[in-house]
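Below is one structure, written out as structure tokens; comments come after it.
We did not get these values from a lab; they are worked out from the coordinates using the rules stated. Fair warning: this is a prediction, and the values are worked out from it, not measured in the lab. Here the Cβ positions follow ideal geometry from the backbone for every residue, glycine too, while neighbour counts run over all protein chains shown.
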Amino acid sequence: PASNLGLEDIIRKALMGNLEE
Amino acid sequence: EITKEQRALMKLILDAYNRHQIPQDVTKKLLQDQYSAEENFLLLTEMATSQVQVLVEFTKNIPGFLSLDHEDQIALLKGSAVEAMFLRSAQVFSRKMPNGHTEVLEERIRKSGISEEFITPMFNFYKSIGELHMVQEEQALLTAITILTPDRPYVKDHLAVERLQEPMLDVLRKLCVLQHPQEPQYFARLLGRLTELRTLNHYHAEMLSSWRMN
């Protein structure tokens with residue numbers, strides 16, 4: 001569903017990046 | 001008895017859980033008194049985004065998670081994000097907060113435009129989590145177990161996920177016996193909350209669309 005597109009985007013970005021650095 | 005390896009696993013999960021919290025500058029904004037409906041919407045959206053980022057960082061620390069298929073990692077996070085967020089929020093509400101903070105927070109949610117039929121089960125869930133008086137280790141493990149649920153949509157390798165989830169369930173079961181010797185049903189009650197969470201997750205999409213319409 002469209003409502004989940006934003007969520008997946010945030011997840012993909014967070015999985016790639018590293019907030020701890 | 002909890003083995004040495006299980007203790008190590010529990011410590012790892014708890015440390016990761018405590019290390020990854022919503023930044024204080026975001027949570028502080030929640031307690032500011034003055035806000036318009038639009039500001040409220042933007043703030044709650046910012047909170048949700050921040051919660052998802054924190055959740056992903058926590059999940060990366062779950063032993064074995066990053067060795068799963070990359071698309072399965074995304075499917076697991078996508079399938080569990082809402083449930084993990086409800087769990088985390090429930091814990092915020094069951095903690096003792098400074099005077100008035102709970103009311104401000106509750107008011108903000110009630111004024112978010114989410115209709116009453118979704119608000120009531122949400123606060124009922126928060127209450128039922130509060131009544132369990134979970135220790136931190138139980139909260140952290142329950143969150144990890146929620147994320148590692150094999151039967152989420154689009155997960156391909158169920159067995160690989162199960163292999164990661166089972167040791168967590170095992171530690172949690174032992175921990176419940178040790179922490180709540182007077183309540184033999186405690187572990188079953190915790191698992192019951194996971195079923196409740198699934199129901200909330202199910203209604204979440206509906207809740208979002210009603211919010212948008214409002």
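Structure data summary
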{"quantity": "10 Å beta-carbon shell around B:D69, net charge (K/R +1, D/E -1)", "calculated": "-2"}
{"quantity": "Value of Rg to Rh for the range B:6-79 (Rh from inverse mean 1/r over Cα pairs, i.e. Kirkwood)", "calculated": "1.11"}
{"quantity": "R0 of 22 Å, Cβ-Cβ distance B:D25-B:V92: FRET efficiency to nearest 0.05", "calculated": "0.85"}
{"quantity": "Other-chain or far-sequence residues with amide H under 5 Å of B:I114's (modelled H)", "calculated": "none"}
{"quantity": "Least to most buried among B:S89, B:S67 (fewest other Cβ within 10 Å first)", "calculated": "B:S67, B:S89"}
{"quantity": "18 Å cut-off, amide nitrogen to a point 7 angstrom out along B:H70 Cα→Cβ, residues in the range B:124-162", "calculated": "B:155-157"}
{"quantity": "Taking N as its residue count, the alpha carbon Rg of the range B:40-165 over 2.2 N^0.38 Å", "calculated": "1.15"}
{"quantity": "Gain upon complete extension [B:S112, B:E39; 0.36 nm per residue less C-alpha separation]", "calculated": "25.3 nm"}
{"quantity": "Whole-number D in µm² s⁻¹ for the range B:31-114, Kirkwood Cα-pair radius fed into Stokes-Einstein, 20 °C, 1.002 mPa s", "calculated": "146"}
{"quantity": "Surface/4 estimate of mean projected area, convex hull on alpha-carbon atoms of the protein assembly as shown, nm²", "calculated": "13.3"}
{"quantity": "From phi via Karplus (6.51, -1.76, 1.60), per-residue ³J(HN,Hα) for the range B:75-81 in Hz, x at Gly/Pro", "calculated": "4, 5, 5, 5, x, 10, 3"}
{"quantity": "Above-threshold pairs, the threshold being 19 Å between Cα atoms, out of B:K11/B:K127; B:K78/B:K156; A:K13/B:K60; B:K4/B:K60", "calculated": "B:K11/B:K127; B:K4/B:K60"}
{"quantity": "Computed Rg/Rh of chain B, alpha carbon atoms with Kirkwood Rh", "calculated": "0.96"}
{"quantity": "Potential extension, B:Q32-B:T3 segment - 0.36 nm per residue separation minus Cα distance", "calculated": "5.8 nm"}
{"quantity": "Top positive-direction residue, dipole computed over the range B:110-214 with Cβ charges, set B:L208, B:P121, B:P150", "calculated": "B:L208"}
{"quantity": "By average C-beta atoms within 10 angstrom, highest first, the peptides B:199-207, B:23-31", "calculated": "B:199-207, B:23-31"}
{"quantity": "Per-residue HN-Hα couplings for the range B:160-168 [Karplus 6.51, -1.76, 1.60; θ = phi - 60°; Hz; x = Gly/Pro]", "calculated": "4, 5, 4, 4, 7, 6, 4, x, 5"}
{"quantity": "Extent along principal axes [Cα atoms of the range B:140-204; Å; largest to smallest]", "calculated": "40, 28, 16"}
{"quantity": "Degrees between helix B:136-147 axis and first principal axis of chain B (Cα, 0 to 90, nearest 10)", "calculated": "90"}
{"quantity": "Dipole of the protein assembly as shown, positive end: most advanced residue of B:N40, B:L30, B:L178 [Cβ charges, Cα centre]", "calculated": "B:L178"}
{"quantity": "16 Å cut-off, amide nitrogen to a point 7 angstrom out along B:Q179 Cα→Cβ, residues in the range B:76-92", "calculated": "B:87-92"}
{"quantity": "Nearest-ten-degree value, helix B:4-19 long axis tilted from longest Cα axis of chain B", "calculated": "20"}
{"quantity": "Computed lengthening from B:T120 to B:E206, 0.36 nm per intervening residue step minus Cα-Cα distance", "calculated": "29.5 nm"}
